[in-house]
Structures are given as structure tokens and as C-alpha cells.
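To start, the structure itself, in C-alpha cells.
The values are calculated or read from the model by the stated rules, or taken from the named source; none is laboratory data. Remember, predicted model here, so these are calculated numbers, not experimental data. For neighbour counting, all protein chains shown are included, and Cβ atoms are generated from backbone atoms with ideal geometry for every residue, glycine included. Ligands, DNA and RNA are stripped out before the accessible areas are found, and what is left, the full protein with its side chains, is counted by its heavy atoms. Shrake-Rupley method; radii C 1.70, N 1.55, O 1.52, S 1.80 Å.
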Amino acid sequence: MTVCSVIAEFDPFHNGHAYLLNKARELTHADVLVVLMSGNFLQRGEPAIIDKWKRAKEALSSQADLVIELPINVSMQAAHLFAQGAVSMAAQLGSDYLVFGSEHPELNYNYLVEKAQNLKFEGSNHAQSFAAQLFKTLAQQTGTELKTANDILAFNYFLANQKVETSKMKLVPVQRLESDHSDRSLNFAHFASASAIRQARFKKNKNYEIFIPEQTKKDLAGPVVSWNDLWPYLKYRVLTTSAEEIGQIYGVSEGIENRIKAIIQKTTDFTTFIQALKTKRYTYTHLQRLCLAITLNLKKGQMLNQKSVFRVLGFNPIGQQYLHQMQVLNLLVLSRIGKEESDSVYRITCQADQIYSLLTGQEQTIGRKPIILV
């Protein structure tokens, strides 16, 4: 079987995502379309607006054959580590193609990766993040600026794919239409960004509904989740935890734990807190991931160099057929999480799901079976 993988968050699933899956099928003629989707917590350090089960069903309702969860040690990482973990999982699945959206699919990403790997670059400017310095230097060397989130992620997908020795994947960027990743406007004909749709839903502005399929419309009509819901848990954690203990959390460095403890006592909401915490050294997404790691109590030794686990969120008959073929790949595939798995191989993802359950009132892990679309 020819396998095409798509790495995604679908937060929430919208018309642009449906277009991407259709193009993936059209361009690759794949027999099976696999989506590797982030779970309940996302790469930019936020909770998903709706849970992973609803988002998996949305994907299955729009061309996907099989939805596999990206565990939290992959989904909640900086772009290069997110790409590294997700591309590795796609390669282990035996994928022939990896398809993703990009504002500039015509760029020679392999060339940019080669140039970046040869840069003499120390990353010593503490007023900027390492990634910002890297892409600034790369632009000076090549004349190509990588500014948008999707183009930067595309670069990291190509970089990660080169590093996976067993990968046979061909990477296929697809032109993003009308709006880019960070566009907050709804003034388009067919496609709006997930950011714009989320903001409209939080404000109860129903104009977003023309940009989403029917299944997503049903899901967004119910309760949704934002950082505002997590804020009391973050504040409780910081106020009741010593600076030394916070220093053991993944991503905490350079004494920022003391700054966090000082600022959180003076703020009453997450937006005010994160704005006060912001410096030139750290991006908002970095700080949000840091705050999320504190809230979820993710330790430094738990987030890197973990064995890949393939948690099945849903499938149709074609996906089920491919699941049977996956048995010969010697992968750790989980269709259902019991106490043993929640205490071992999937512990930190289950731990995160328990916190998400506090926000939704719905069990996210134990006993949950994959969604089956027939």
C-alpha cells in the first residue's frame, strides 16, 4: 500500500485542512492517508480548543483513513523538535509521502537545509532566540527569508527527514490559499486561518462558520477550551511550588523561575501575565510552552529521547486494513489505554489528558476506544 502522511493539529479542522487532505490524495494517489495529529496540548503551548477525539472524527469525516496521536513529548515542542519527532513517526509508519501546507511551496527547502547546516553560527545574541538568529543568518547567506510559521515548519520537516536514515519519504509542500497561518481576519471567500476561527469562536462571532465543515460546526457549538481555563491551575502550581522545583520543569532555564514566581503574584489573568513575562530573548510561544510544562508538571527527563508510541485515535475500513499491516513494522501501537500503559509508556500524555479532563468534564484516556467510521 502507498502511504501518505499528514502532520497536523487541526485546531480546529477547517476548510483549508479539508483542501490539504484532498490535495494529498490527489497529488500522491496514496492508498491510505494517515494523519499524525497533536493531542490535547499543542506546539504553540496552548490547550486545543476542542479535544483530540472530536478533532480526529473531523479528520476522518474529510478523507483521512487513520488518525494517530502525536504524544505530548512530540506535540508540545519547539518547531525543530516537533518536526523531528513527527517526521520520525511518519517514517516509522512506512510513509511514502509527507504532505503539508506552506505559504511558499516553490522554495528549494533542501538547498536551504544544506546551507543552514554549513553555517558558522554561534547563536550568541541573547536578545534574540536561537531560531531567530539562525533564520536571519540564513537569509543573509541565501537571500531567502523564512518568516511564516508554515514555511519555518516546512524547513524543519525537510531538515528532520534528512536526518532519518530509514526515511523513504518524498516531501510535498502544498500552496496555502487565501490566508496565512497567523492571519486573524475572516474577510475571505473560502479559507480562514485556525487562529481567526478560534478567536471568533471565543468571542461568539458566528461568522467563522462558513470556513469550517459541518462536523467541526457541530463540535464548536459545544464548550471550548482556552488558556483562560488553565490559568487557575498554572497560578496554583507556581504559588505552591518552590523556585527550585520549578527549575526542574522542562524548558525552565536561566533563572526564569524566579521571574515567573514574582510576576504571577501581581497578575490576575493569563494574558496580562504572559505579556509581563515576555522579553526579547523569548517568544510568546516559547513562554506558553514553558507555562504549560509547569501546569502539567512535565520534568526535563520526560520530554526527550522517548520511544515512539502510536496511539490510535480513529480509523475507517482502509485505515483498519493498514493497522493490520503495521503489525509487521514492530511498532508500539496502542488502540486502548489501560492502567498499565497510563503508568508507563504513555504516562506523561495520560497525565496531561487528566488535566484536560478537568477542563471539559470528559474522560480523555482510560477506556477510550478509537473512533470507527464505516
Any residue in segment 73-93 that is in contact with a Pro (Cβ under 8 Å, 6 or more places away or on another chain) and in contact (Cβ under 8 Å) with a residue 40 or more places away in the chain? no
What are the residues in segment 346-374 that are farther than 18 Å from W227 by Cβ, among the hydrophobic types (A, V, I, L, M, F, W, C) and either without any contact (Cβ under 8 Å) to a residue 24 or more places away in the chain or open to solvent by 70 Å² or more (accessible area, probe 1.4 Å) (or both), if any? C350, I366, I372, V374
When (1) more than 24 Å from the chain's Cα centre (by Cα); (2) open to solvent by 60 Å² or more (accessible area, probe 1.4 Å) are applied to N305, the one that fails is (1)
For segment 1-21, how many residues meet the condition of being surrounded by fewer than 22 Cβ atoms within 10 Å (Cβ to Cβ), within 27 Å of L329 (Cα to Cα) and of a type in the set (S, T, N, Q)? 1
Do we have N305 as at pLDDT below 95 and either on the phi > 0 side of the Ramachandran plot or of a type in the set (A, V, I, L, M, F, W, C) (or both) here? yes
If A64 satisfies all but one of (1) open to solvent by less than 20 Å² (accessible area, probe 1.4 Å); (2) under 29 Å from K217 (Cβ atoms); (3) in a helix (DSSP H, G or I), what's the number of the condition it fails? (3)
Hey, any hits in segment 7-25 for a residue that's closer than 29 Å to K204 by Cβ, of a type in the set (V, I, T) and not in a helix (DSSP H, G or I)? no
For segment 335-351, indicate whether the set of residues that are within 21 Å of A59 (Cα to Cα) and among the acidic types (D, E) is non-empty. no
The correct count of residues that are open to solvent by 40 Å² or more (accessible area, probe 1.4 Å) and either in contact with a Pro (Cβ under 6 Å, 6 or more places away or on another chain) or more than 22 Å from A90 (Cβ to Cβ) (or both) in segment 318-340 is 4
Residue count, segment 26-61 (criterion: in a loop (DSSP other than H, G, I, E, B) and of a type outside the set (A, V, I, L, M)): 10
Pick out the one residue from L277, L290 that is crowded, with 21+ Cβ neighbours inside 10 Å, at pLDDT 95 or above and of a type outside the set (F, W, Y). L290
Looking at segment 87-98, can you tell me whether even one residue there is part of a strand (DSSP E or B) and not acidic (D, E)? yes
So, in segment 251-272, of the ones that are in contact (Cβ under 8 Å) with a residue 24 or more places away in the chain and open to solvent by less than 70 Å² (accessible area, probe 1.4 Å), which residue ends up nearest to A79 (Cα to Cα)? G251
